[in-house]
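These notes concern the structure reproduced below.
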Amino acid sequence: MERGGAKCGRVTPGLMPGLAAVERVRGYRVRAEKDVGVGREVERLVGSVKRVSRAVGGVERAWEENVPRAICERARPEGLRAGVLTIRAEDSSTRSAVSVWLRSGGETVLKRACGATVKRIRVV
């Protein structure tokens with residue numbers, strides 16, 4: 001790599017001593033080429049989408065398999081974000097039934113059955 005007359009630590013004759021030292025250091029300094037492609041970013045995003053898809057799919061499957069039919073018909077998992085599972089209920093009586101089921105052990109069952117990390121369950 002050539003830069004300003006220096007190549008592999010050799011100094012061009014006739015330079016001032018201070019400038020010669022700078023040129024020598026420049027010759028040793030190697031900078032990595034910048035990756036200007038989008039491939040790495042696309043791979044990162046695809047991995048993120050796959051993780052979220054697996055997590056949400058696991059939550060929906062766990063919901064359908066473990067929740068009582070009467071509740072399952074009137075409430076659905078709406079989203080999972082930062083470990084908080086949001087469940088959307090059709091009305092206040094369903095919201096109350098979901099809360100009672102969760103407090104009576106349903107929360108533990110649902111958390112164990114999910115493929116994702118669920119820290120908290122919110123019923124709306």
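Based on what the data block shows, is LYS34 at pLDDT below 85, of a type in the set (Lys, Arg) and assigned to a loop (DSSP other than H, G, I, E, B)? So LYS34 passes the test. Considering only residues of segment 80-104 that are under 16 Å from GLY115 (Cβ atoms) and crowded, with 16+ Cβ neighbours inside 10 Å, which is modelled with the lowest pLDDT? By that ranking, first place goes to LEU80. Within this structure, ALA55 passes the test of being in contact with a strand residue (DSSP E or B) (Cβ under 7 Å, 6 or more places away or on another chain), under 19 Å from ILE121 (Cα atoms) and surrounded by 11 or more Cβ atoms within 10 Å (Cβ to Cβ). If you go through segment 64-79 one residue at a time, how many are surrounded by 12 or more Cβ atoms within 10 Å (Cβ to Cβ) and in contact with a Gly (Cβ under 9 Å, 6 or more places away or on another chain)? Final tally of qualifying residues: 3. ARG29 fulfils the conditions (1) closer than 30 Å to SER104 by Cβ; (2) without any contact (Cβ under 8 Å) to a residue 60 or more places away in the chain; (3) among the charged types (D, E, K, R) except for a single criterion, (1).
Quick one: which of VAL98, VAL118 is in a loop (DSSP other than H, G, I, E, B), out of contact with any His (no Cβ under 7 Å at 6 or more places or on another chain) and touching a residue at least 24 places away in the same chain (Cβ under 8 Å)? Working first, answer last.
On the way: VAL98 fails: in a loop (DSSP other than H, G, I, E, B).
Only one candidate passes the filter, namely VAL118.
If you check VAL84, VAL38 for being of a type in the set (Val, Ile, Thr) and closer than 22 Å to VAL109 by Cα, only one passes: VAL84. Evaluation of VAL56 against the conditions (1) in contact (Cβ under 8 Å) with a residue 40 or more places away in the chain; (2) at positive phi shows that the sole unmet condition is (2).
The values are calculated or read from the model by the stated rules, or taken from the named source; none is laboratory data. A quick note: this is a predicted structure, and the numbers were derived from the prediction, not measured. Note: ideal-geometry Cβ built from the backbone for every residue, glycine included; neighbour counts use all protein chains shown.
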